[in-house]
1. Starting from segment B:177-278, pick out the trypsin sites (Lys or Arg not before Pro) whose DSSP state is loop and whose Cβ has at most 16 other Cβ atoms within 10 Å.
2. Residues of segment A:397-433 with the amide nitrogen closer than 18 Å to a label point 7 Å from the Cα of residue A:327, along Cα-to-Cβ, please.
3. So, by mean Cβ neighbours within 10 angstrom, what's the order for B:217-230, B:116-129 with the highest one leading?
4. Could you tell me, in Å, what Rg and Dmax come out for the Cα atoms of segment B:2-218?
5. Which whole-number percentage describes the relative contact order of segment A:169-304, with Cα contacts under 8 Å and a sequence gap of 6 or more?
6. Counting alpha carbon pairs within less than 8 Å and at least 6 residues apart, what relative contact order, in whole percent, applies to segment B:2-218?
7. Rounded to the nearest 5, what % of the DSSP beta bridges within the protein assembly as shown are antiparallel ones?
8. What fraction of the DSSP beta bridges in segment A:48-174 is antiparallel, stated in percent and rounded to the nearest 5?
Amino acid sequence: MTVIAAATAASTLAACGGSDDGGGDGGGGGGDASANEASDIGITEDSIKLGAHFPLTGVAAPGYSEIPTGAQAYFDCLNNEGGVNGRTIEYIYRDDAYNPTNTSQVVNQLVLEDEVFAIVGGLGTPTHSAVLDFLNSEGVPDLFVSSGSLLWGDDPETNPYTFGWQTDYESEGKIIGDYIAENFPDAQVGLFLQDDDFGEDGEAGIREYIDDQIVAAERYTPGNTNVGPQIAALQAAGADFVVGFNVPSYTALSQLTALQLGYDPQWFYSNVGSDPTLVGSLLNNFSQGQVSDASLLDGALTTDYLPTVDEPDNPWVQEFQRIWDECGGDGELTNYRIYGMSQAYTTVQALQAAGQNPTRDGLVEAIEIAGGDWEGPVLAPFRYSEDSHMGTSGMSISRVTGDTTEEVVPVQLTDIGDAEIEPFDGEMAEVPENGIPNEESVID
Amino acid sequence: MQYFVNVTLTGLTEGMVYSAFALALVLIWRSTRIVNFAQGSMAAATTFIALALIQAGQSYWVALIVALLSGLLLGAIVERVVIRRVEGGPELNAVIVTLGLFVAIQAAIAIVFGSAFQSFPTPFGLEGFQVGDNRIALTPNSVWVIAAVLVTMALLVVLFRFTRIGLAMRASAFGQEVARLLGVRVGRMLTLGWALAAVVGSLAGLLIAGGEFVYPAYMDSLIVFGFVAAVLGGLDSPIGAIVGGLILGLALSYVSGYVERGSALVNVAALVILMVVLLVRPGGLFASSTARRA
């Protein structure tokens with residue numbers, strides 16, 4: 001019985017000083033602002049309405065609830081610079097508490113009542129699965145789902161309007177498995193998995209490389225906070241290297257339980273569950289200092305596909321810091337906010353590519369044509385094409401030291417199935433002025 | 001072998017937590033004949049008060065006492081202001097009102113304290129005891145939980161069995177008219193029953209929270225398990241609540257530890273256990289009366 005929190009965070013942006021001085025103002029794409037038309041649902045002459053669903057309350061809220069605040073800050077700063085082709089972005093995100101029933105309800109509301117142009121960054125595999133058919137049958141662009149499930153991108157014929165964004169869990173599992181095979185060939189590997197697509201995809205990827213090294217695979221169900229039997233089973237199986245495909249609160253729980261059992265393997269948490277700052281803040285109240293902040297995670301390995309807050313020299317992080325300081329709300333810039341901003345950045349690239357007067361179908365076409373070439377904060381290129389709606393394809397591996405991380409293996413690329421793993425030879429993209437991309441329209 | 005010991009100890013500690021919550025339910029049932037669904041969010045409310053104090057720099061023990069006192073107050077207020085209006089009517093009315101309270105209090109917590117996940121400190125360590133070369137899944141904190149629950153149970157047994165006030169509370173719950181004719185001040189007894197139950201609930205809330213994460217809905221799953229434990233034990237008996245909680249905790253831990261994908265089956269297993277016990281002993285394991293209603 002979860003309270004259906006009325007915490008609906010809708011942000012309505014007052015039309016901020018409409019800058020209709022010829023779309024050049026950071027808008028990119030060229031064209032004449034006077035030609036702006038209400039070209040589709042959710043588009044007016046001077047605004048674009050986007051919607052999203054996130055867990056702002058409940059078990060998945062820690063961390064994830066910060067993502068839309070990052071996106072909001074990015075769009076606010078973008079609007080101050082004139083928006084996209086003279087249109088400001090109106091971003092509406094609603095709370096689904098990571099409950100698929102709620103997701104259906106809030107997405108219905110976004111599409112039918114708020115009449116958004118597109119859904120952007122809806123979070124969660126079980127949650128977003130609940131609205132996948134609805135969005136595709138209504139023809140609503142469903143961009144950049146905040147989840148690494150294969151569902152969003154491997155079958156564009158069935159789901160033509162849906163696009164993935166982050167590295168999928170199977171590719172991540174492959175990169176992790178390959179790393180273990182090369183660097184820890186004698187390790188006895190245990191898997192700590194969320195009992196759904198997230199854990200399954202990750203396990204499939206990792207087993208492609210180290211099936212014979214795996215001595216145990218334990219699964220937890222989100223919501224059941226007692227992971228004692230699972231961690232004890234990994235210990236009993238003699239695993240000295242544990243890979244976790246789990247959400248952040250379960251990173252904290254697994255660490256606490258391991259502490260209780262005196263179990264000290266080498267930990268490798270997949271990107272989703274590894275944010276050291278968040279896990280540290282979850283752990284720091286315990287035992288009044290007996291468990292000190294992130295030190296439990298010290299030495300743990302993890303993966304990255306975005307720059308992180310502990311790289312203050314990274315130009316993207318510096319730009320996101322500026323955006324957060326100028327347009328953000330309370331609190332610090334976090335990795336989750338960087339995630340939200342990066343997703344918003346890709347969204348703006350898509351809107352620019354869709355031309356002066358975007359339509360829903362045009363937006364999808366633009367991503368398929370141009371998306372594979374886009375550069376931005378994401379470390380590796382996207383795989384967007386007519387045949388694949390999968391997001392970025394690569395990851396680096398890093399080690400947690402104190403509150404920060406250091407890179408162990410640079411970015412490598414792969415794909416689902418039996419694609420090879422290769423090093424990425426590209427450069428980090430340059431930050432454009434004001435952190436606003438400048439893509440050409442690819443739609444006539 | 002070590003695995004079995006650890007799974008058992010994990011189950012034992014979890015079971016004690018269910019017991020603590022079941023005790024509060026038993027208490028309110030014995031003193032008012034109402035099943036209080038709001039118990040969980042009332043306990044969550046006092047836990048958040050304690051957390052606020054701890055974060056303001058107070059010690060755990062000060063926070064514990066304040067939480068228990070605010071539980072006492074909250075229980076009395078809820079009874080006087082809300083439940084009193086529906087007492088004496090159909091029993092279902094009162095139960096439905098507690099369901100409404102459950103949701104309302106939880107929403108109030110979210111408004112006052114926010115809905116973020118926060119860790120809740122414990123007064124004792126979270127590292128297991130060392131036995132030989134192995135560390136076992138029994139921590140100083142679990143010992144504190146077990147001791148606190150057992151002492152509370154003993155106090156409740158004494159209260160109901162050996163004191164006049166306990167007798168008066170039971171009388172008021174069983175037959176208001178008769179009790180009133182015999183000179184028992186029924187209204188006060190009902191208020192006292194709610195207040196005491198809320199104190200035990202607050203204690204349970206704090207014990208559950210220690211070394212775990214709290215958020216406004218953190219008691220939700222425990223409400224279910226607490227109810228199952230209380231019903232297993234017969235809803236009437238403090239000892240039954242403890243035994244019910246332990247059986248449930250152990251059984252669920254074994255399911256989670258020994259059944260393939262057991263973690264997902266825990267909730268189903270709780271239902272199966274409940275059904276089996278109720279089929280075999282409809283009154284629960286420790287039922288004292290056969291004439292249970294509601």
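All of the numbers you see were taken from the coordinates with simple rules; none came from a lab. None of the values given here were measured: they were computed from a predicted structure. Positions of Cβ are generated from backbone atoms using ideal geometry, with glycine treated the same way; all protein chains shown enter the neighbour counts.
1. Sites meeting the loop and neighbour criteria: B:185, B:261.
2. Zone members listed by number: A:431-433.
3. Numbers: B:217-230: 24.0, B:116-129: 20.0.
Most protected by this proxy first, the peptides run B:217-230, B:116-129.
4. Computed over the Cα atoms of segment B:2-218, radius of gyration and Dmax are 18.6, 66 Å.
5. Working: 244 pairs, mean separation 30.0, N = 136.
Value for segment A:169-304: 22 percent.
6. On the way: 295 pairs, mean separation 90.2, N = 217.
Reported as a whole number, the value is 42 percent.
7. Details: 21 of 52 bridges.
So the antiparallel bridges in the protein assembly as shown amount to around 40 percent.
8. Working: 1 of 14 bridges.
Restricted to segment A:48-174, the bridges split so that about 5 percent are antiparallel.
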